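A short worksheet on the structure shown next.
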């Protein structure tokens, strides 16, 4: 999305990954090192990426921030290549040691120090010693192709693309290379026309679609940068589980959401009010979950004759409700997705922790669909694991499943996200724990009984 300096709000793509990074021992939260918040800043040459990074750094003086430039990972050129350096394309993905950059990111994620190469732009070789980088609160990776490799993108908490007019970028590039660094201006122009421009169109510009945030005007867009800083501060304060699992998406808590949670959790709330406010919350969770579906860009013509650059979402969907509390979420899904097919799964408790599949009725072509799995309360996670395992057995790719809850207990999150790291779990709140009876605390009681008025009271 584009952010105008005249805008007073920043619309953030819901594909921003809320404080990612999966730990190898996810069940022991207290012993895991603090996870860095990784930000990737991409864009064309001289688009203002470094200015954006520096302003982010300036706004986080109270945090340990490290800036790592993708240029540090250029391969060293052999002597015969240095002699023909004007024939070398420094803007091609193959010019970078992406494997080393990926390895460095993974080590930093695990709380380990890494050595980043020093690259001499005059000799076009790495020099010793490298620069040691220790884990930090915020680590910013900046470079033209930071968003090019999917493995690198998967490690980023926030992906930013700095967009700037091509003429402005060329002017800045001439200023930087020809005037400041003493390069021959004709060589700068030749390199731009032969390599830089073509590589931008082929490799850099296509990564714009992966960005969570697009900043037009580069480092001069103060409004956008201020709002990005606010969003980063919000993400840094999220639940610890969001820092462990990249596939948890917790809705931003507002007074409206908090108020509705207060009402449905209150033991004195009437059945009518419980259903009314549960339905409102469920609708919000469903809409939030739909925001994680894949989309393609589409331009449409408006009644004014103008062209609107929009998107269309994946149309092959189906819902699957875990009987019976999951059925409370079906109406909200139907209201959001006209004519959607909805399957059913019934799972019965067996012993202390066992679960037995009693009944399933799923669309025959479910393997080719994105599935929204519906269950308002995630407690131990045993039933959820059973249901998800059935979907995977039916051929549904794990990454095509979005699990929707109203509330989730940490134990259930561990059970589901550790077993199915590619699944997306969307919830409105993460509760404290489970009690000795495996009920969510503080929780809201037996949801199905309260919603369908089948409790004893």
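We did not get these values from a lab; they are worked out from the coordinates using the rules stated. Bear in mind the structure is a predicted one, so any value in this text is a computation, not a measurement. Neighbour counts are summed over all protein chains in view; Cβ atoms, including those assigned to glycine, are modelled from backbone coordinates with ideal geometry.
Details
- Take 144-157, 80-93, 427-440, 367-380 and order them by the average number of nearby Cβ atoms within 10 Å per residue, most first; the result is 367-380, 144-157, 427-440, 80-93.
- Binned Cα-Cα distances of the stretch 121-246, short to long, each 10 Å bin given as a whole percent: 9, 30, 35, 20, 5, 0
- The order of 347, 248, going from fewest to most other C-beta atoms within 10 Å of their C-beta, is 347, 248.
- Kirkwood estimate for the stretch 296-357, i.e. one over the average of 1/r between Cα atoms, Å: 15.0 Å
- Using alpha carbons only: equivalent-ellipsoid semi-axes of the chain, gyration tensor based, whole Å: 46, 24, 21
- Rounded to two decimals, the Cα radius of gyration of the stretch 348-427 over 2.2 N^0.38 Å is 1.04.
- The residue 394 and residue 359 beta-carbon pair, evaluated with R₀ = 25 Å, returns a calculated FRET efficiency of approximately 0.95.
- For the chain, adding -39500 (n - 2.57) for each run of n ≥ 4 DSSP H residues and dividing by the number of residues yields -8500 deg cm²/dmol at 222 nm.
- Extension reserve of the residue 441-residue 234 stretch, reckoned as 0.36 nm per residue once the Cα distance is removed: 72.0 nm
- Fraction of beta bridges assigned by DSSP in the stretch 247-452 that are antiparallel (%, nearest 5): 40 percent
- Residue order, fewest to most beta carbons within 10 Å, for 422, 101: 422, 101
- Computed over the stretch 38-101, the alpha-carbon pair-distance distribution with 5 angstrom bins reads 3, 13, 20, 20, 16, 12, 8, 4, 2, 0, each value a whole percent.
- If you wrap the tightest convex hull around every Cα atom of the stretch 122-186 and split its volume per residue, you get 167 Å³.
- Rounded tilt (10° steps) of 271-290 against the dominant C-alpha axis of the chain: 30 degrees
- Principal-axis analysis of the Cα atoms of the chain puts helix 410-419 at an angle of about 60° to the longest axis.
- Between 0 and 90°, nearest 10: helix 98-109 axis offset from the chain longest Cα axis: 50 degrees
- Considering only beta bridges that DSSP places wholly inside the chain, some 35 percent are antiparallel.
- Average projection, convex hull of the Cα set of the stretch 247-452: 12.9 square nanometres.
- Over the chain, Cα pairs under 8 Å with separation of 6+ residues give a relative contact order of 17 percent.
- Ordering of 266-278, 105-117, 39-51 by packing [mean C-beta count within 10 Å, highest first]: 39-51, 105-117, 266-278
- Using 0.36 nm per residue and subtracting the Cα-Cα separation, the extra length available between residue 338 and residue 99 on full extension is 81.6 nm.
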